[in-house]
Amino acid sequence: MSARAAAVLGLGAPVARLAAVLALWQALVGLHAVNGLVLPSPAQIVVQVWSGRQGYLLDARTTLGEAGLGFLAGSGLAVASAILFLRVRVAERALMPLAVASYCLPAIAIAPILQVVLPGDEPKVVLAALFVFFTTLTTVATGLRSVDPVVIDMVRAFGGTGSSELRKVRVRNALPYLVRALQLGAPSALLGAIIGEFLGGSSGLGIALIQAEADLSSPRTWAVLAVSGAISGVLYGALGLASHRLERYGEDRASSGPVWPSGEGRSGAGRSRWARKLVSATVAISASVAVTLGVWTAAIKMLRLSSYFAVDPAGVWSYLFSGSQAGEDRSLVFGQLGVTLEDAALGFVSGLVVASALAAVMVMIPRVSKEVMPWAVALRSVPLVAIAPLISVELGRGIASVLAICAIVTFFPTLVFMVGGLRGAPAAALDLLRACGGRTWSEFTKVRAPTALPALFHSARVAAPGALLAAILIEWTATGNGMGAQMIVASETSQYPQLWSDVAVVTAVSLLLYAGLGILERYVTERRAGRVRPS
Amino acid sequence: MADMVARVEESGTSGASRGRLVSRREVIKGFGMAAVGAAGGAALGLFGASPPASAASTRRATRSARLGSATLAFSWIDDVQQAGSYIAQQRGYYLDAGLAVSFLPGGDTYAGEPLVVSGKALLAMTSPASTAAAYLEGAPVTIVGAQYQKSPVSIISLASAPIRTPAELVGKKIAVEPNIELEWKAFETANGLTGKVDSFVTSESPSILAAGGCQGYTGWTTNEAVALEVQGVHVHTMLFADYGLPGYYLTYCADSTIVRDAHGREQVKALLSGEIRGWQVQTSHPSVGLALTLDDYGKHLGLDPKQQEIQAVEQNLLVVSPVTKAHGLFWMSATDTAAMLKSLKLAGTAVPASLFDNSLLAEIYGGKSVLA
């Protein structure tokens with residue numbers, strides 16, 4: 001048959017499968033097998049979207065405006081920072097932890113503070129930028145750095161300086177990474193803007209969500225979800241097209257895996273190198289802690305924020321350690337933290353395992369990739385803030401909901417990184433294996449899996465703060481246990497010392513997880529680099 | 001070295017084979033796509049940056065306001081809960097008093113006291129419990145009027161299994177909203193129920209009641225209970241205020257330093273005058289504010305007209321009382337304030353009577369009970 005007919009048929013299969021799922025869903029609700037109050041039928045959702053289309057269009061426009069500005073600001077700042085960190089080592093050491101802290105901060109808890117400090121809709125733009133900044137920074141930085149050292153040597157040999165090295169080689173190398181980062185950033189910016197809208201406003205998808213939930217209208221809630229998901233999906237898909245064109249060129253380069261920081265590894269005596277690294281790391285961490293605390297204190301002073309709701313580091317210290325009730329306060333804060341960590345960890349590990357397994361299947365059987373990717377995109381695109389309460393009604397107020405949301409949050413980035421890592425097996429090694437008669441399974445175990453090991457640790461590192469924040473989000477909105485619940489109660493009853501202490505503790509723990517997993521990742525990567533590098 | 005050079009030459013020709021370098025054409029394409037992406041983002045940003053606001057929120061003062069401009073912060077999004085304020089803005093009641101007022105809609109994650117203390121709002125709609133907590137944390141806040149003379153907080157239960165008295169709460173599963181937790185604890189204390197009720201804090205919506213996740217839900221009679229009814233879930237409500245925990249709600253919170261300042265005091269009084277006149281209309285003709293909400297301020301929020309209509313009537317029952325009939329809307333009588341303080345003490349937030357400052361209302365009304 002003609003190529004065109006084959007292409008259409010190829011498209012037909014997943015569409016048919018989607019139609020089948022929708023039909024089944026419709027039937028289940030129609031037969032009251034599923035609680036109609038919680039899960040409306042597809043027909044109801046479509047009707048709802050259509051009848052409210054004028055309002056949703058307006059809401060979408062508002063939210064996209066906030067998200068768009070935040071996306072531009074966050075991405076722009078991220079790219080600039082990545083280039084700066086590459087060229088100026090000191091800047092990297094001093095400012096990187098600040099960047100990580102921006103990622104680890106529980107955004108929903110700082111929203112009320114942002115609203116007091118910034119005029120109009122700026123809090124929403126800032127939140128959108130916050131959601132985009134760090135992941136874009138790390139992805140672009142990886143792209144800038146994971147250049148074949150041979151090529152760098154060649155540029156230098158021909159008399160190139162640092163900046164021509166940048167222009168001619170690194171920037172081109174980073175392009176696929178940039179586009180992939182932008183692709184992931186678009187839904188994140190949308191999510192950030194929606195969370196910002198929970199503060200209040202006159203229009204927006206977040207506002208529509210508030211109203212839909214106030215009306216106890218699950219068709220309307222789902223309609224807003226559908227609209228947000230569709231927008232997210234379109235943004236992701238459009239950027240995905242661009243990414244795919246450049247992805248081919250990223251394949252060979254990924255052989256050295258995501259490397260952070262500088263991946264042009266050095267060989268050297270093992271133990272003393274690690275000791276030196278430990279010392280320099282400690283110095284760096286102390287410096288950045290000082291910078292973070294300094295910025296925090298200075299911001300409060302410069303903006304002249306009332307000490308009633310703006311607590312500085314000294315205030316947090318007093319609350320947790322030196323105040324009269326410090327012991328009780330500490331056990332309150334750390335007790336809830338323990339609850340959240342436990343729950344998040346379970347979901348996190350589940351998400352890692354499921355995503356890795358699925359990535360393996362997708363790489364080994366390309367047809368599965370075509371079927372699964374759209375679903376994965378849809379799941380990732382739908383705003384968590386809306387899924388959280390729906391999950392909790394279906395799965396209960398307990399651990400199942402936390403597990404589910406943490407798994408979902410961990411799942412998608414892991415899937416993306418693992419697919420990239422598994423696909424990025426060096427072509428030469430694969431050729432060699434096949435030439436020696438190796439089969440698919442040994443291709444997987446001997447070449448692809450080991451190549452993807454850095455990707456696994458990278459996924460774990462990237463997902464860990466996200467899982468923690470997702471746990472807090474669902475606790476904030478549904479379960480009533482753990483850190484999230486404590487934070488919302490604190491913010492609504494003016495317990496600002498407690499709220500800021502909670503935020504500081506969560507950020508610190510998130511940072512520790514990120515750094516710890518980062519050390520593991522570097523260890524694994526450098527061992528890999530040592531094995532793969534042509535001598 | 002030679003083979004490196006060869007690789008560079010090779011990649012320069014067609015697109016990248018399995019070579020290491022990207023061809024110029026592909027780079028241009030890449031930059032092009034990135035540029036398109038960025039342009040798209042910029043376009044979205046500009047496109048959405050000024051969404052067509054409803055006529056009301058772009059309303060500018062048509063005459064100069066001698067007292068300047070100020071912001072009133074709402075605790076919720078634009079629905080009929082703020083009807084009286086919409087009337088006041090639309091009919092120019094604030095401007096009559098010399099103040100140009102703009103509104104700051106609230107939402108889920110709302111904290112009114114920081115807005116007032118930071119100067120972002122002149123007045124904020126909050127609750128006495130919330131303002132008391134802020135006061136105890138050192139915030140310079142004060143309450144200058146009580147929109148609801150009676151708190152709308154109640155135990156909402158299914159009509160098929162109603163909870164009619166506090167005694168019937170024993171052993172039941174009760175879902176408590178986070179910002180009601182303190183009042184709930186006070187209610188338990190007031191009725192000797194501490195430790196006898198299986199209560200849990202959750203941000204879930206009242207549909208948890210319909211889904212069987214609890215037997216009672218601490219919610220408002222004005223909106224949440226009505227939303228359930230409109231969805232076909234028949235409910236019974238038991239007001240906290242009727243059973244041991246009397247008190248105001250939706251109180252006007254101001255910065256106490258501003259209230260003491262001559263100009264600030266005049267601004268607050270001007271805002272309150274506008275509010276009084278707007279709510280005078282709303283309490284006698286609820287359909288006026290309802291129409292304004294549905295057709296203008298809350299036009300694109302997807303409000304349920306049926307629910308809003310019922311709410312408009314329900315909330316008036318809490319705004320109007322024998323005290324307001326005698327002294328004027330939002331009045332905080334000595335007796336009611338004393339009862340309020342007692343409830344706050346039960347909730348663990350004991351505050352001085354001076355937190356409730358009725359003097360501004362007294363000055364505004366000047367002995368009358370209605371503002372012309």
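The values are calculated or read from the model by the stated rules, or taken from the named source; none is laboratory data. From a predicted model like this one, the values you see are computed outputs, not experimental measurements. Using ideal geometry, Cβ is built from the backbone for each residue, glycine included, and neighbour counts are taken over all protein chains shown. With ligands, DNA and RNA removed, areas are computed over all heavy atoms of the protein, side chains included. Shrake-Rupley method; radii C 1.70, N 1.55, O 1.52, S 1.80 Å.
Name the residue that is modelled with the highest pLDDT, counting only residues in region A:197-220 that are over 17 Å from A:Leu64 (Cα atoms), in a loop (DSSP other than H, G, I, E, B) and facing another protein chain (nearest Cβ under 7 Å).
Looking at residues that are over 17 Å from A:Leu64 (Cα atoms), in a loop (DSSP other than H, G, I, E, B) and facing another protein chain (nearest Cβ under 7 Å), I get A:Asp215.
Where residues in region A:443-454 are in contact with a helix residue (DSSP H, G or I) (Cβ under 9 Å, 6 or more places away or on another chain) and open to solvent by 30 Å² or more (accessible area, probe 1.4 Å), which of them is nearest to A:Thr340 (Cα to Cα)?
Here the residue is A:Leu453.
Please verify whether region A:418-438 includes one or more residues that are buried (at least 16 other Cβ atoms within 10 Å of the Cβ), in contact with a Leu (Cβ under 8 Å, 6 or more places away or on another chain) and modelled with pLDDT of 80 or more.
For region A:418-438, residues buried (at least 16 other Cβ atoms within 10 Å of the Cβ), in contact with a Leu (Cβ under 8 Å, 6 or more places away or on another chain) and modelled with pLDDT of 80 or more: present.
Of all residues in region A:351-362, how many are of a type in the set (Gly, Ala, Ser), surrounded by 16 or more Cβ atoms within 10 Å (Cβ to Cβ) and farther than 13 Å from A:Ser459 by Cα?
1
Does at least one position in region A:493-510 carry a residue that is touching a Ser or Thr at 6+ places or on another chain (Cβ under 8 Å), open to solvent by less than 30 Å² (accessible area, probe 1.4 Å), within 14 Å of another protein chain (Cβ to nearest Cβ) and outside any helix (DSSP H, G or I)?
yes
Here is a check on your reading of the model: is A:Leu95 farther than 30 Å from B:Val116 by Cα and surrounded by fewer than 21 Cβ atoms within 10 Å (Cβ to Cβ)?
yes
Go through region B:181-206 and count every residue that is more than 9 Å from every other protein chain (Cβ to nearest Cβ) and of a type in the set (Val, Ile, Thr).
3
Every residue in region B:346-356 that is more than 24 Å from the chain's Cα centre (by Cα) and outside any loop (DSSP other than H, G, I, E, B), please.
Residues satisfying the conditions are B:Leu346, B:Ala353, B:Ser354.
Scan region A:108-120 and tell me whether some residue there is open to solvent by 40 Å² or more (accessible area, probe 1.4 Å) and touching a helix residue (DSSP H, G or I) at 6+ places or on another chain (Cβ under 7 Å).
No, there is no match, as no residue in region A:108-120 is open to solvent by 40 Å² or more (accessible area, probe 1.4 Å) and touching a helix residue (DSSP H, G or I) at 6+ places or on another chain (Cβ under 7 Å).
Quick one: would you say B:Leu329 is within 30 Å of A:Ser217 (Cα to Cα) and open to solvent by less than 40 Å² (accessible area, probe 1.4 Å)?
no
Within the set of pairs 6+ apart or on separate chains, which have a first residue in region A:42-62 that is in the same structural domain as A:Thr221 (by TED's automatic domain parsing) and of a type in the set (Phe, Trp, Tyr), a second that is at pLDDT 90 or above and assigned to a helix (DSSP H, G or I), and C-beta atoms under 6 Å apart?
Every condition considered, no pair remains.
Got a sec? Which of A:Leu199, A:Leu178, A:Leu137, A:Leu182 is touching a Pro at 6+ places or on another chain (Cβ under 7 Å) and closer than 24 Å to A:Gly74 by Cα?
Just a single option satisfies the conditions, and that option is A:Leu199.
Here's the yes/no breakdown for (1) at negative phi; (2) part of a helix (DSSP H, G or I); (3) more than 28 Å from the chain's Cα centre (by Cα):
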residue: A:Leu130; (1), (2), (3): yes, yes, no
residue: A:Thr135; (1), (2), (3): yes, yes, no
residue: A:Val147; (1), (2), (3): yes, no, no
residue: A:Gly159; (1), (2), (3): no, no, yes
residue: A:Ser163; (1), (2), (3): yes, yes, yes
residue: A:Val169; (1), (2), (3): yes, yes, no
residue: A:Ala174; (1), (2), (3): yes, yes, no
residue: A:Val179; (1), (2), (3): yes, yes, no
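Just the residues that are open to solvent by 30 Å² or more (accessible area, probe 1.4 Å), farther than 17 Å from B:Pro105 by Cβ and in contact (Cβ under 8 Å) with a residue 24 or more places away in the chain, please, taken from region B:294-308.
B:Asp304, B:Lys306
Consider A:Ser102 against the criteria (1) touching a residue at least 12 places away in the same chain (Cβ under 8 Å); (2) over 20 Å from the mean Cα position of the chain (by Cα); (3) under 26 Å from A:Val489 (Cβ atoms): it satisfies all of them except one. Which criterion is unmet?
Going through the list (1) touching a residue at least 12 places away in the same chain (Cβ under 8 Å); (2) over 20 Å from the mean Cα position of the chain (by Cα); (3) under 26 Å from A:Val489 (Cβ atoms), A:Ser102 breaks only (2).
Answer yes or no as to whether B:Thr131 is facing another protein chain (nearest Cβ under 9 Å), under 30 Å from B:Leu228 (Cα atoms) and not in a strand (DSSP E or B).
It is true that B:Thr131 is facing another protein chain (nearest Cβ under 9 Å), under 30 Å from B:Leu228 (Cα atoms) and not in a strand (DSSP E or B).
Tell me, please, whether a residue that is outside any helix (DSSP H, G or I), within 14 Å of chain B (Cβ to nearest Cβ) and of a type outside the set (A, V, I, L, M) can be found in region A:439-452.
no
Determine whether B:Lys185 is basic (Lys, Arg) and in contact (Cβ under 8 Å) with a residue 40 or more places away in the chain.
So B:Lys185 fits the description; yes.
Out of all the residues in region B:81-117, which are away from every other protein chain (no Cβ under 13 Å), surrounded by 23 or more Cβ atoms within 10 Å (Cβ to Cβ) and part of a helix (DSSP H, G or I)?
Matches in region B:81-117: B:Ala83, B:Gly84, B:Ser85, B:Ile87, B:Ala88, B:Gln89, B:Tyr93, B:Tyr94.
Picking from A:Ser75, A:Ser102, which residue would you name as being assigned by TED's automatic domain parsing to the domain that holds A:Gly229 and open to solvent by 20 Å² or more (accessible area, probe 1.4 Å)?
A:Ser102
Is it fair to say A:Gly55 is more than 21 Å from B:Asp108 (Cα to Cα), out of contact with any Phe, Trp or Tyr (no Cβ under 7 Å at 6 or more places or on another chain) and not aromatic (Phe, Trp, Tyr)?
No: the conditions fail for A:Gly55.
Conditions: (1) open to solvent by less than 20 Å² (accessible area, probe 1.4 Å); (2) under 20 Å from the mean Cα position of the chain (by Cα); (3) more than 7 Å from chain A (Cβ to nearest Cβ). B:Leu209 meets all but one. Number of the miss?
Unmet for B:Leu209, out of (1) open to solvent by less than 20 Å² (accessible area, probe 1.4 Å); (2) under 20 Å from the mean Cα position of the chain (by Cα); (3) more than 7 Å from chain A (Cβ to nearest Cβ): (2).
Find the helices (runs of 4 or more DSSP H) located wholly in region A:284-391 whose residues include 1 or more that are modelled with pLDDT of 85 or more, and list them.
In region A:284-391, the matching helices (runs of 4 or more DSSP H) lie at A:313-317, A:326-364.
Any idea how many residues of region A:465-483 are of a type outside the set (Ser, Thr, Tyr) and open to solvent by 10 Å² or more (accessible area, probe 1.4 Å)?
So the answer is 6.
The conditions are (1) β-branched (Val, Ile, Thr); (2) open to solvent by less than 50 Å² (accessible area, probe 1.4 Å); (3) farther than 23 Å from A:Ile519 by Cβ; (4) touching a helix residue (DSSP H, G or I) at 6+ places or on another chain (Cβ under 8 Å), and A:Val295 fails exactly one of them. Which is it?
Of (1) β-branched (Val, Ile, Thr); (2) open to solvent by less than 50 Å² (accessible area, probe 1.4 Å); (3) farther than 23 Å from A:Ile519 by Cβ; (4) touching a helix residue (DSSP H, G or I) at 6+ places or on another chain (Cβ under 8 Å), only one is false for A:Val295: (2).
What's the total number of residues in region A:111-127 that are facing chain B (nearest Cβ under 10 Å), free of Cβ contacts under 8 Å to residues at least 60 places away in the same chain and at negative phi?
Count: 2.
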